[in-house]
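Engineer: Would you mind keeping the following structure in view while I ask a few things?
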Amino acid sequence: MTLTIAIVGSAQPSAHRVDEYLQASRLAIDPRGVQIELDLTPGIALAEAIIAEIDRNRDGSPSADEQRAYASLVLHGLEVAVDGRPLPVQLGSIRFADNDAMRRGEGTIQVQASVTLPDLDIGAHQLRFRNNHHPHGSVYLANALVPESDAVGVTAQRRDPDQRELTIDYELRAVPAPSTVAWLLASFAAASMLSVFLIAAVHPVTALKTWRARRKPGLLR
């Protein structure tokens, strides 16, 4: 799943220089997990070295297994902890630009990963993310994304000076489950209809007027 929601407090990226390996991380928190999206773009001066790390048999065409091995290497350099508890990162989808695009400094390696969260109490929590992949020659960016769930609210995010490390303060909120909301609406509709039937038993004309008044767009009928 591509993460397309807005970034909370996004830092402005610096210009991508030819001798830098730009690594941009975006994290989305939901009540049950964390989605991580990484974009890795080598500059022209580093492209051949990165291609060599991916294409281990040097045949000029990285295989799917070689690409997945490199993506696993990227994830091996990630640290994720919630409330001080380290959590494993699982590899998701990957997409590699072709070698020529990377040699031009235009090719990006896209890696998506996820972290499953333990059961957490309602209230304040803290997520710590650190990217240790390819520290030599790399420039890092890290941002939290606006949560899609109303049950999660990001309250603050802090980065170290080189943005290898991102700390996100967030809170879990109690929200009504969909089944509870549906039950409340159904109960309201049932009570409304019961009142009409009770009125009808005594005042049929009044009941008809009441029923017509309540038949408005958007209400259960």
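Engineer: Starting from 0.36 nm per residue, how many nanometres of slack lie between Asp160 and Val18 once their C-alpha separation is accounted for? Mind showing how you got there, number by number?
Structural biologist: Working: separation 142, 0.36 × 142 = 51.12 nm, distance 2.36 nm.
Here the segment from Asp160 to Val18 would lengthen by 48.8 nm.
Engineer: Using a Förster radius of 41 Å, what is the FRET efficiency between Asn57 and Arg85 based on their Cβ-Cβ separation? Nearest 0.05, please.
Structural biologist: On the way: r = 39 Å, r/R0 = 0.95.
Efficiency, from the Cβ-Cβ distance: 0.55.
Engineer: Here is a further query. If every alpha-carbon in region 25-125 counts as one equal scatterer, what log10 I(q)/I(0) does Debye give at q = 0.11, 0.22, 0.23 1/Å?
Structural biologist: -0.40, -1.10, -1.17
Engineer: Could you work out how much longer the chain between Arg103 and Ala151 gets when fully extended? Use 0.36 nm per residue separation minus the Cα distance between them, nm to one decimal. Could you put the intermediate results ahead of the total?
Structural biologist: Values: separation 48, 0.36 × 48 = 17.28 nm, distance 4.36 nm.
That works out to 12.9 nm of additional length.
Just so you know, all these numbers are worked out from the coordinates, no wet-lab data involved. What you are looking at is a predicted structure, and each value in this text was computed from that prediction instead of being measured. Because the Cβ atoms are built from the backbone with ideal geometry, glycine has one as well, and the counts that use them run over all protein chains shown.
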